[in-house]
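The structure appears below as structure tokens.
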Amino acid sequence: PAMNAGISVSRVGGAAQTKIMKKLGGNIRLALAQYRELAAFAQFASDLDEATRKQLEHGQRVTELM
């Protein structure tokens with residue numbers, strides 16, 4: 001998946017991918033979009049719940065892998 005899923009456009013890439021690649025790519029794209037949104041919110045919040053902290057950690061790891 002593209003590093004900036006919010007503005008990335010691919011006309012050929014999606015058509016050339018297998019179904020499993022599309023599914024995995026969609027999941028990663030969603031996780032990264034949620035991570036970016038939470039990371040922006042977390043800059044202003046001092047007390048984050050455990051689920052939010054775990055989602056931020058997961059998003060950070062996925063971003064590092066990319």
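The values are calculated or read from the model by the stated rules, or taken from the named source; none is laboratory data. These numbers were taken from a predicted model, which means no experiment stands behind them. Note that we place each Cβ from the backbone using ideal geometry, even for glycine, and neighbour counts take in every protein chain shown.
List of remarks:
- Those residues of the stretch 1-29 which are at pLDDT 60 or above, surrounded by 12 or more Cβ atoms within 10 Å (Cβ to Cβ) and among the aliphatic types (A, V, I, L, M), in sequence order: M21, L24, I28
- Of all residues making up the stretch 24-66, the number that are in contact with a helix residue (DSSP H, G or I) (Cβ under 9 Å, 6 or more places away or on another chain) and part of a loop (DSSP other than H, G, I, E, B): 3
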